[in-house]
1. Relative contact order of the chain: what whole-number percent is it, with Cα pairs under 8 angstrom and at least 6 residues apart?
2. Using a 1.4 angstrom probe, figure out how much accessible area the range 97-225 has per residue, in square angstrom, rounded to the nearest whole.
3. Sorted by mean Cβ packing within 10 Å, highest first, what order do the peptides 61-70, 34-43, 151-160 take?
4. Could you compute Rg(Cα) / (2.2 N^0.38 Å) for the range 48-178, with N its residue count?
5. Okay, helix-only estimate at 222 nm for the chain: each DSSP H run of n ≥ 4 adds -39500 (n - 2.57), divide by all residues, round to 500 deg cm²/dmol; what do you get?
6. Going through the cross-link list Lys57/Lys216; Lys113/Lys216; Lys62/Lys171; Lys113/Lys149, which pairs have a Cα-Cα distance over 31 Å in this structure?
7. Relative contact order for the range 53-158 using alpha-carbon pairs under 8 Å, separation at least 6, rounded to a whole percent?
8. Rank these residues by their accessible area, most exposed first, probe 1.4 Å: His162, His75.
Amino acid sequence: WWLGSLSRRDSQVTTTHPIRGRTNLLTPVSYRVRWANVRYVDDSYVVNQPAFFIERKTRLAKRVGLETSGLKGIHSSELAPDAAALVTLWQFMIGNPDYSIIRGDEECCHNAKLLVSDDGHYVPIIYDFDGTGLVGAEYARPPVRVPIKDVSERVYLGFCRHNDHLIQVRKLLLERREGIHALFSDDPMLGARARSEAVRYLKKSYQFLGRDGSFKRQVLDACRS
């Protein structure tokens, strides 16, 4: 497990914990995270602040029976279609414009990792959520390559080749609606305002997801070739 700490400036990032919990609710191929209260002791000070343990990629791969990958990039046709459809629709739901599941800098991918299945397809796992509209961090800005002005807007970045798999993913998300809402409304680490804003954002996302017209317009027709 890897330990990450949260400063006071990053207090809004606590919202990322139920986001990761929501991912676990949808698929086991996602990072497990645990909250912790950590006391840091130095010669000159003692400070208590929240932190989190996040599963390492190698441990995740072993748990789900997949292999790790260190590639710099892949083609969208090499992605596991069901996993790619789930990841990209889920990022649309939480308003995440800052990721890539096919390319990165030194290692693929940007704010995501790839695992390899037995059939050679790549399974993407997103791990960074503090730039999402659902979290609403004050410092979050969309990348210049994405056609939105604010992270509160939702943009679908999935690939058209996976559209057939989106129908089943949409059904799954609609079936898990109550459990997903509860992860935010019942999280003790979130303040009342953060809980309210997160639930309100999710309800708006589910309006888009539940209406055939908006789902077609903002997801199916917005896909990338």
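1. Relative contact order, the chain: 20 percent.
2. Result: 53 Å² per residue.
3. 151-160, 61-70, 34-43
4. Normalised Cα radius of gyration, the range 48-178: 1.08.
5. My calculation for the chain gives -10500 deg cm²/dmol from helical runs alone.
6. Lys57/Lys216
7. Working: 181 pairs, mean separation 30.3, N = 106.
The normalised contact order for the range 53-158 reaches 29 percent.
8. His75, His162
The values are calculated or read from the model by the stated rules, or taken from the named source; none is laboratory data. Keep in mind the model is a prediction, meaning the values are calculated, not measured. A quick note on method: Cβ atoms are made from the backbone with ideal geometry, for glycine too, and the neighbour counts reach across all protein chains shown. The accessibility values were calculated without ligands, DNA or RNA, using every heavy atom of the protein model including side chains. Shrake-Rupley method; radii C 1.70, N 1.55, O 1.52, S 1.80 Å.
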